[in-house]
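The values are calculated or read from the model by the stated rules, or taken from the named source; none is laboratory data. Note that this is a predicted model, so its numbers are computed, not measured. Backbone-built Cβ (ideal geometry, glycine too); neighbour counts: all protein chains shown. Note: accessible area is taken over every heavy atom of the protein model, side chains too, but ligands, DNA and RNA are not part of it. Shrake-Rupley method; radii C 1.70, N 1.55, O 1.52, S 1.80 Å.
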Amino acid sequence: MDPPPVYISSSGEEDDNNIKCPICCLDISFLTLEERSDHVLECVESPKKFVYKSLKKTRAAAPKVKNAPRPKKEKPEIPAVKILKFSGLDIAVDAFCYRFNPEISHYFLSHFHSDHYGGLCKSWNHGTIYCSKLTKILAVTKLKVNPDIIVALDYEMEYSIANGLKVICVDANHCPGSQIFLFKTAIKEETTLHCGDFRVNLNMLSHPLLQCKVYRCYLDTTYLDPVYSFPDQTQVIQTTARYIKSLHDPETHKAVKIQRRITDFFLPPRNIHYPFLIVVGTYTIGKERLAVEIARSLGTKMYASAEKLQILKHMHESETSWEFLKDLLSSNPFECQVHLVSLNKFADLVSYFDQFSSKFEKIIGIKPTGWTYRSTKSSKWIRDAKDDNEILKTIVGTKEEITVKNLEAQFKTSNLAQVYSVPYSEHSSFRELAYFMGCLDIEKVIPTVNLHNMAYLERWIGCIQSFEKMDIAKF
Ligand SMILES: [Zn+2]
Ligand SMILES: [Zn+2]
């Protein structure tokens, strides 16, 4: 049997012409490795948008029929998986783009990503919305939702909703402001845990509030497949920050420094080393911690566009865990060695760099990717394993790590813009999901993602739930 997978991004082999996106199931074999990774990343963040984009790429546009009357499409009903039923009350989670349901007047919003808040707008008035303080601020400022209908829930506090239903929120470790919801009623057997998008960490596994018996657990099954493995977030952040800092050691710096461009021949030679400009890719919200750690390790401030700075300001004003951001941010890009930029700027980092070339040596892009398609060879051992239990045992027992070598291998001397892809996922890996199901006392797991593959998800849930008791110390 081959050793368990390690994080390397290399081109696929054997099965390379039959690769499907785990989210939208589209055939993406025709895309380059980089494009596949981008596709899946965007699909994870906002599924609908990207499915459309990918389809456009593969099929010719349908001929437009002029003046055809457009039938007003009625919105679909709220899917069953988004409705949580309790004896006294039914509630809905992340269900804002559906037909009005007179039975439901309490709506929970797990976090501020478009595939979850979709449908929310100024005129939305189906009931009361419950979410974190930060998510509320974003819903009000970005979507103009009426603040009077949103109840902000603090972390780790118990709130009464109605008819005996209570809720406690725990940090989902997904994006800032994301929460998982623990619902309780007077009936013990109704205890329900709803995990919207989440990334399992040690804090969650050992959280005192989650040590109760959970009868139903709605699970973010985005990566519930053993091929999805990636290292621990903190380990990735620390290794990346350490590596970026090491690039500035005098000796390394000289080696990394390159002739900036042909026209530089005509400029007077510089006799001091200019720092590198580090740009970290991000979305509206999410992936900030990577940029923060790099800025801290370099002892520099962090710049972002006015719009993003406003969001970061909301973050440090509403969440104590982000309070430190206040002293880290700056609106002057020239005094900041770390910039948070939208991921779509990565297509042309050289142009971005041009504005700052008087202050910086070259530009280094850090691209957080969810999961990078690796050589199918590295997952060959999974196909060769004799049964699911053997696969699970190997994965549970093997902690994956990113090394400085993984980053170094991506270095290209000749590039003015050097991009590093780092496996920074905000969803749980297969291994983390296994520990979550194995360490918490969960009776029934209800998948909420990749439902088209239900039989496959249930196969793994069954395997994990019948597995020996997992040791949290080995997580
Ligand atoms: Zn999300
Ligand atoms: Zn999502």
> What is the residue count in the stretch 174-186 for residues that are touching a residue at least 60 places away in the same chain (Cβ under 8 Å), open to solvent by 10 Å² or more (accessible area, probe 1.4 Å) and either part of a strand (DSSP E or B) or under 13 Å from L210 (Cβ atoms) (or both)?
Replying inline: 0
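From D148, D115, D94, grab the single residue that is within 16 Å of ligand 2 (Cβ to nearest atom) and over 24 Å from L209 (Cα atoms). Full working, then the answer.
Working: D148 fails: within 16 Å of ligand 2 (Cβ to nearest atom); D94 fails: over 24 Å from L209 (Cα atoms).
Answer to the check: D115.
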>> With the requirement that a residue be within 16 Å of ligand 2 (Cβ to nearest atom), part of a strand (DSSP E or B) and aromatic (F, W, Y), what does the stretch 212-234 give you?
In response: Y218
>> If Y435 satisfies all but one of (1) within 16 Å of ligand 2 (Cβ to nearest atom); (2) part of a helix (DSSP H, G or I), what's the number of the condition it fails?
In response: (1)
>> If I ask for residues that are closer than 13 Å to K367 by Cβ and either open to solvent by less than 50 Å² (accessible area, probe 1.4 Å) or not assigned by TED's automatic domain parsing to the domain that holds S414 (or both), which ones from the stretch 329-352 would you list?
In response: L340, V341, S342, L343, F346, L349
> Restricting attention to the stretch 159-181, which residues are more than 13 Å from Y130 (Cβ to Cβ) and away from ligand 2 (no atom under 16 Å from the Cβ)?
Replying inline: N163, G164, V170, D171
> Among the numbered criteria (1) of a type in the set (A, V, I, L, M); (2) at pLDDT 95 or above; (3) within 16 Å of ligand 1 (Cβ to nearest atom), which single criterion is violated by I78?
Replying inline: (3)
>> Quick check on this structure: which one of S421, S428 is touching a residue at least 40 places away in the same chain (Cβ under 8 Å), touching a Ser or Thr at 6+ places or on another chain (Cβ under 8 Å) and part of a strand (DSSP E or B)?
In response: S421
> What tally of residues in the stretch 190-208 results from selecting those that are farther than 14 Å from C439 by Cα, within 16 Å of ligand 2 (Cβ to nearest atom) and either open to solvent by 10 Å² or more (accessible area, probe 1.4 Å) or of a type outside the set (K, R) (or both)?
Replying inline: 5
>> Scan the stretch 391-407 and tell me whether some residue there is touching a strand residue (DSSP E or B) at 6+ places or on another chain (Cβ under 8 Å), open to solvent by less than 60 Å² (accessible area, probe 1.4 Å), at negative phi and not aromatic (F, W, Y).
In response: yes
> Which one of V167, V145 is assigned to a loop (DSSP other than H, G, I, E, B) and surrounded by 15 or more Cβ atoms within 10 Å (Cβ to Cβ)?
Replying inline: V145
>> Residue under question is K469, and the condition is that it be in contact with a helix residue (DSSP H, G or I) (Cβ under 9 Å, 6 or more places away or on another chain), away from ligand 1 (no atom under 16 Å from the Cβ) and either within 30 Å of L209 (Cβ to Cβ) or among the hydrophobic types (A, V, I, L, M, F, W, C) (or both); does it hold?
In response: yes
>> Please go through (1) under 20 Å from the mean Cα position of the chain (by Cα); (2) within 16 Å of ligand 2 (Cβ to nearest atom); (3) hydrophobic (A, V, I, L, M, F, W, C) for L120 and return the number of the only condition it doesn't satisfy.
In response: (1)
> Among the residues of the stretch 87-115, which ones are surrounded by fewer than 19 Cβ atoms within 10 Å (Cβ to Cβ) and either in contact with a strand residue (DSSP E or B) (Cβ under 7 Å, 6 or more places away or on another chain) or in a strand (DSSP E or B) (or both)?
Replying inline: G88, L89, D90, E103, S105
